[in-house]
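A short worksheet on the structure shown next.
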Amino acid sequence: MIIKNIRTTLEMIKIEHTLFALPFAFLGAVLAARGVPTAWQIVWITVAMIGARSTAMAFNRIADRDFDARNPRTSMRAIPAGSLSVGFVWGFTVFSATVFFVAAAMLNRLTLFLSPVALLSVLLYSYAKRWTLLSHLVLGWCLGIAPTGAWIAVRGTIDTPVPLILSLLVMLWTAGFDVLYACQDFEFDRREGLYSIPARFGIARSLWISRVLHLGAFGTLVALYFLTNLGTLAVIGVVATAALLIYQHTLVRANDLSRLNAAFFTTNAFVSVILFLTFGSAVFFRS
């Protein structure tokens, strides 16, 4: 029973999607350290990321359980399907939040001081669609916290625009792909009175809005390159990211969302990993 609950919980929080944000946190840490952070920092940054994301996802499942039950796409999620009780998920949420705070405390005083801001941000997202169509940017903010948080974890301060530019990149990139993802629920969101860009503007216009957000993300990436001046490897990361973003948008059309999962999951995982590998490796060549 315990093993089944653990497996169901990991599925509920989509633990594999940590791959979207974790490489950006590691990149922020590598840039801050100008090399490899200490083992202590790496461990606790990882624990903090897992704790924060697990808290956010579990709380989101609690907050949205009634909507999930009415949405055919999400009706088989753990709570509406009865696989996990609300009480159990609340317990997991509190446990994950505690893990996050402990990890923040183990890093330095500033990370602990700012940890409530980060946690409140990720919890706020669960209610954003109830009052603003900018919920996609709220989600972007939540993921964008990661690289600046990791920078602070290593240096204990923000002494350059680099982590802020990296965070802006993540925010715009995340908002762009979240608009794409929300296209599959635009009819449900309209019916339930939820706010989202697809619900407000329709799929065709939303695809263009997503493209504009990703164009902004790419422009921010170029700015990050010039700010860090990391050379050829970083250029490869910029070019590869541009190619992936373009490819992502060729997969989705207003009258055909059948390849949305490939556009959302596979492509986004590649973007974060490629930027970590190229920009992160470039740090060592510059050093």
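The values are calculated or read from the model by the stated rules, or taken from the named source; none is laboratory data. From a predicted model like this one, the values you see are computed outputs, not experimental measurements. Note that each Cβ is placed from the backbone with ideal geometry, even for glycine, and that neighbours are counted across all protein chains shown. Side chains are part of the model used for accessible areas, which takes the heavy atoms of the whole protein and leaves out ligands, DNA and RNA. Shrake-Rupley method; radii C 1.70, N 1.55, O 1.52, S 1.80 Å.
Within the accessible surface of the chain, defined with a 1.4 Å probe on protein heavy atoms only, the carbon and sulfur portion equals 70 percent. For VAL273, VAL36, VAL43, VAL252, the ranking by accessible surface with the largest value first comes to VAL36, VAL43, VAL273, VAL252, using a 1.4 Å probe.
A 1.4 Å probe run over the chain, with the rest of the protein chains in place, finds 47 Å² accessible per residue. Post the alpha-carbon centroid distance, region 216-231 to region 140-186, in whole angstrom. Answer, in whole Å: 14. Charge tally around ARG34: other residues with Cβ under 13 Å, Lys/Arg +1 each, Asp/Glu -1 each, net +1. For TYR125, the accessible surface of its heavy atoms amounts to roughly 50 Å² (probe 1.4 Å, protein chains only, rounded to the nearest 10).
Region 45-117 and region 239-287 have Cα centres spaced 26 Å apart. Ranking ALA217, LEU230, ILE197 by how far each Cα lies toward the positive end of the dipole of region 152-287 (charges on Cβ) leaves LEU230 at the top.
A simple charge model with +1 on the Cβ of Lys and Arg, -1 on the Cβ of Asp and Glu and nothing else charged puts the dipole of region 1-137 at about 140 debye relative to its Cα centre. Under a model in which nothing but the beta-carbon of Lys, Arg (+1) and Asp, Glu (-1) is charged, the chain shows a dipole of about 80 debye around its Cα centre. Helix screen, the chain: DSSP H segments with Cα axial length of 24 Å or more and mean Kyte-Doolittle hydropathy at least 1.6 are 86-107, 162-182. Taking a sphere under 14 Å around the Cβ of ILE209 and counting the other residues whose Cβ falls inside, with K and R at +1 and D and E at -1, yields a net charge of +2. A Förster radius of 22 Å combined with the Cβ-Cβ distance from LEU277 to THR250 puts the calculated FRET efficiency at roughly 0.40. Ranked by solvent-accessible area (1.4 Å probe, protein heavy atoms only, all chains present), the residues LEU124, LEU257 order from largest to smallest as LEU124, LEU257. Ranking of LEU207, LEU114 by solvent-accessible surface, largest first: LEU114, LEU207 (1.4 Å probe, protein heavy atoms only, all chains present).
Let me have the 222 nm mean residue ellipticity of the chain computed from DSSP H runs of 4+ only, each contributing -39500 (n - 2.57), with the sum over all residues rounded to the nearest 500. After summing the helix terms and dividing by residue count, I get -26000 deg cm²/dmol.
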